[in-house]
1. Output the number of the condition that Y129 fails; it satisfies all remaining conditions of (1) of a type in the set (S, T, Y); (2) surrounded by fewer than 21 Cβ atoms within 10 Å (Cβ to Cβ); (3) near the ligand (Cβ under 8 Å from one of its atoms).
2. Could you tell me which residue of region 207-218 is nearest to the chain's Cα centre (by Cα), considering only residues that are closer than 19 Å to T273 by Cβ and open to solvent by less than 60 Å² (accessible area, probe 1.4 Å)?
3. Could we say that D199 is part of a loop (DSSP other than H, G, I, E, B), closer than 30 Å to N242 by Cβ and either open to solvent by less than 30 Å² (accessible area, probe 1.4 Å) or touching a residue at least 40 places away in the same chain (Cβ under 8 Å) (or both) here?
4. What's the number of the only condition in (1) surrounded by 18 or more Cβ atoms within 10 Å (Cβ to Cβ); (2) touching a helix residue (DSSP H, G or I) at 6+ places or on another chain (Cβ under 9 Å) that S204 fails to meet?
5. Quick test for you: out of R286, R251, pick the one residue that is touching a residue at least 12 places away in the same chain (Cβ under 8 Å) and not in a loop (DSSP other than H, G, I, E, B).
6. From (1) within 16 Å of the ligand (Cβ to nearest atom); (2) of a type in the set (A, V, I, L, M, F, W, C); (3) under 25 Å from L285 (Cβ atoms); (4) modelled with pLDDT under 95, pick out the condition that doesn't hold for A111.
7. Restricted to region 208-230, and to residues that are within 17 Å of Q241 (Cβ to Cβ) and either in the same structural domain as G48 (by TED's automatic domain parsing) or not in a loop (DSSP other than H, G, I, E, B) (or both), which residue is farthest from the ligand (Cβ to nearest atom)?
8. State all residues of region 282-310 that are of a type in the set (S, T, N, Q) and over 21 Å from the mean Cα position of the chain (by Cα); if no residue qualifies, say none.
Amino acid sequence: MTKKILLSGVKPTGRPHVGNYFGAMKQFVDAQTVGHHENIFMIADYHGLNFIQNKEEMSQLTLDLALDYLAIGIDPAHSVIFKQSDVSAHTELAWIFDTIVTMPYLMRAHAFKDAEAKDKEISVGTFNYPVLMAADILLYDTDIVPVGQDQKQHIEYARDIALKFNHIFCGGNEFGKGGVFKLPEPLIFEHVATVPGTDGRKMSKSYNNTIPLFATREEITKSVMGIVTDSGGPESGGIPQNVYAIHKLFRNESDIKSLYEQNKGKYKILKETLIEDIDTFIKPLRERRAELAKDPAYVLEVLKQGSEAANKKASEKLLEVKKAIGVL
Ligand code: TYM
């Protein structure tokens, strides 16, 4: 029996944080452990190019993310790890999709609307972001896409684009039957769909409220000490809500409940326990990453092999697409 395809990606735009990890990357590793799927994990450098426009930074961040993937336990023997820019079928397919996707449809994308609301100058790359992401997903006949809540709309775009393509070029129906493309499903776990940051908002690099995934003990201490403790108000009963919300990522909830009940109002003790728990979790990851970083040639080799595997699959799909549109 052929395995279902599980694919996801991360942009190389800075150090990943525990929101990226619990919201998405942990699911990558868990999927690999269960072994029911064929796993494909991408470094979305062409998406990242919307944010990183400096060659040294881009090449460093890309290698860093490959190291991050390996350090959390993604194993090239069981998963494909590759760089989006190594597989030109992604941008080629995105162009083909551009010819059937309308501007008003893309103008409904959250990321575009946010940028517009902030009066930002919006590049065509930012506008077209969901189309490239649809290509990333659809090229591999992906069944499942593990992501955080903020990517849900992008998976819906990928489904809509697949349906539209199938309908126009292959006589597929609106239920997804028939055609070149499969309809992908998001995999989003409710309890980690939006991991909060140190200020209670969504954890995000752009809010400066992150706990880096490979943080040093000092960085963990700094982040935890910076957690806003008064957001619960009097009804929180002495339980600092933001600290609690982050803590339950690192320990099971029944433990946490009794810990917080016993230490009502003792914010210092609770934060110190949280620092300890985060460090216990991060330390082995940090050490593994430091070990892997000693061998950049190995990381480059992983990416090379990943790109070969990804190119093989993607070029077969692109051939099907080209036949369907009549250019072959
Ligand atoms: P990116 O790089 O912004 O984020 C990587 C993953 O982390 C998740 N995430 C979170 N989850 C829960 N709580 C949070 N606070 C949090 N912050 C980030 C994101 O939802 C994401 O799953 N567009 C994608 C990259 C991409 C991709 C793809 C993903 C490109 N092509 C194809 C899947 C399939 C992105 O910018 O993720």
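The values are calculated or read from the model by the stated rules, or taken from the named source; none is laboratory data. These numbers were taken from a predicted model, which means no experiment stands behind them. Cβ placement follows ideal geometry from the backbone for every residue including glycine, while neighbour counts extend to all protein chains displayed. Surface areas here come from the heavy atoms of the whole protein model, side chains and all, with no ligands, DNA or RNA. Shrake-Rupley method; radii C 1.70, N 1.55, O 1.52, S 1.80 Å.
1. With (1) of a type in the set (S, T, Y); (2) surrounded by fewer than 21 Cβ atoms within 10 Å (Cβ to Cβ); (3) near the ligand (Cβ under 8 Å from one of its atoms) applied to Y129, the lone miss is (2).
2. Only one residue tops the list, namely I211.
3. Working: part of a loop (DSSP other than H, G, I, E, B): yes; closer than 30 Å to N242 by Cβ: yes; either open to solvent by less than 30 Å² (accessible area, probe 1.4 Å) or touching a residue at least 40 places away in the same chain (Cβ under 8 Å) (or both): yes.
Yes; evaluated as a whole, the condition is true for this residue.
4. (1)
5. Details: R251 fails: not in a loop (DSSP other than H, G, I, E, B).
Going through R286, R251 in turn, just one is touching a residue at least 12 places away in the same chain (Cβ under 8 Å) and not in a loop (DSSP other than H, G, I, E, B): R286.
6. (3)
7. This residue is M225.
8. Listed by number, the list holds a single entry, Q305.
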